[in-house]
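Following: one structure in structure tokens, then a few remarks.
The values are calculated or read from the model by the stated rules, or taken from the named source; none is laboratory data. On a predicted model such as this, the values are computed, not experimentally measured, just so you know. Positions of Cβ are backbone-derived with ideal geometry, glycine not excepted, and every protein chain shown enters the neighbour counts.
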Ligand SMILES: [Zn+2]
């Protein structure tokens, strides 16, 4: 980890921990439906993976499954 201390934008806690997925960065884009990119603004925040995931509604949460993907890297399926 670098000298930067990350704080979670959702819970406010320090992001240093033993999670394999943290720290996470969350980007937000405004006016995503506009054709002119100059109308679009972007900001990035840091958060715990679990905090962000838990802030999503359950139906959307199913699409965010980094933990399954990291499991597949460790345990390849098939031979
Ligand atoms: Zn958090």
Task: Cβ pairs under 6 Å, 6+ apart, first in segment 1-17 and modelled with pLDDT of 95 or more, second assigned to a loop (DSSP other than H, G, I, E, B) - done: 8/15; 8/48
TODO: Filter segment 42-57 for residues that are surrounded by fewer than 17 Cβ atoms within 10 Å (Cβ to Cβ) and either more than 27 Å from residue 21 (Cβ to Cβ) or touching a strand residue (DSSP E or B) at 6+ places or on another chain (Cβ under 7 Å) (or both) and give the result.
DONE: 42, 43, 44, 45
Task: Condition broken by residue 31, with the remaining ones in (1) modelled with pLDDT of 90 or more; (2) surrounded by 15 or more Cβ atoms within 10 Å (Cβ to Cβ) satisfied - done: (2)
TODO: Give the residues of segment 16-41 that are within 16 Å of the ligand (Cβ to nearest atom), in contact with a strand residue (DSSP E or B) (Cβ under 6 Å, 6 or more places away or on another chain) and part of a loop (DSSP other than H, G, I, E, B), sorted by residue number.
DONE: 23
